[in-house]
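Taking it in order: structure first as structure tokens, then the write-up.
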Amino acid sequence: MPNLLESNQLGGRKLQRVVYTEEVIHNRIQEMGVEISAAYGPDDRLLLVGLLKGSFLFVADLVRAIDLPLQVDFLVAASYGARKKSSGDVRLLYDPEASLKDRAVILVEDIVDSGATLNRLVPLLEARGPSSLEVCALLHKRLVTLDREPRWVGFDAPKDFLVGYGLDYAENFRHLPYIASL
Ligand code: PRP
């Protein structure tokens, strides 16, 4: 495992502390998989739509924890660029190929920060006629009340800038198997 707390200098930034270890993340995702598996039936045509890039590891682990027939697709929406604060301007760079019509859709997000991404994307996906649309977020900073709160949340996260397990700062740190504060 990359020990960046000791080497400490990737991307010119220092990691402060591990907030969620690899084991803690793994165990919580197994629980979420059980909860999601219990919420749907085999005929629901479940579609998980992962929000790239941040959710790529979360989606990979979450789908393997769900014991139901399902399909996976992605969308890309970017708002941060190389800044630490959301610009609030969410751009859709890649749209899911799969039709959402009459499907049970779960939008999978790595972290809810300002909520701008979800507030923009939920109505956009809702307009495509899914039979249901829920949000599953690994981390939620609880800074705002969203128009649609995630049905499943892995952890209520601290307000620190978090990296690792898909989360980046200027594209660095995504590969860390744990989540750390910067
Ligand atoms: C980050 C993060 C979430 C979003 C949350 O994505 O991965 O998707 O911001 O912030 P918000 O609640 O303030 O909208 P980013 O736009 O940095 O793209 P990335 O997933 O490629 O890192």
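The values are calculated or read from the model by the stated rules, or taken from the named source; none is laboratory data. All values reported here derive from a predicted model rather than from experimental measurement. Cβ coordinates were reconstructed from backbone atoms using ideal geometry, including for glycine residues, and neighbour counts include every protein chain displayed. In case anyone asks, the SASA skips ligands and DNA or RNA and just uses the protein heavy atoms, side chains included. Shrake-Rupley method; radii C 1.70, N 1.55, O 1.52, S 1.80 Å.
Observations on the model:
- Of all the listed residues (Lys101, Lys85), the sole one being modelled with pLDDT of 95 or more, assigned to a loop (DSSP other than H, G, I, E, B) and surrounded by fewer than 17 Cβ atoms within 10 Å (Cβ to Cβ) is Lys101.
- With respect to the conditions (1) over 19 Å from Arg45 (Cα atoms); (2) of a type in the set (A, V, I, L, M); (3) in contact (Cβ under 8 Å) with a residue 40 or more places away in the chain, Ala137 falls short on a single one, namely (3).
- Residue within region 121-131 that is open to solvent by 40 Å² or more (accessible area, probe 1.4 Å) and in contact with a Ser or Thr (Cβ under 9 Å, 6 or more places away or on another chain) present: yes
- Total residues in region 136-149, condition open to solvent by less than 70 Å² (accessible area, probe 1.4 Å) and within 11 Å of the ligand (Cβ to nearest atom): 7
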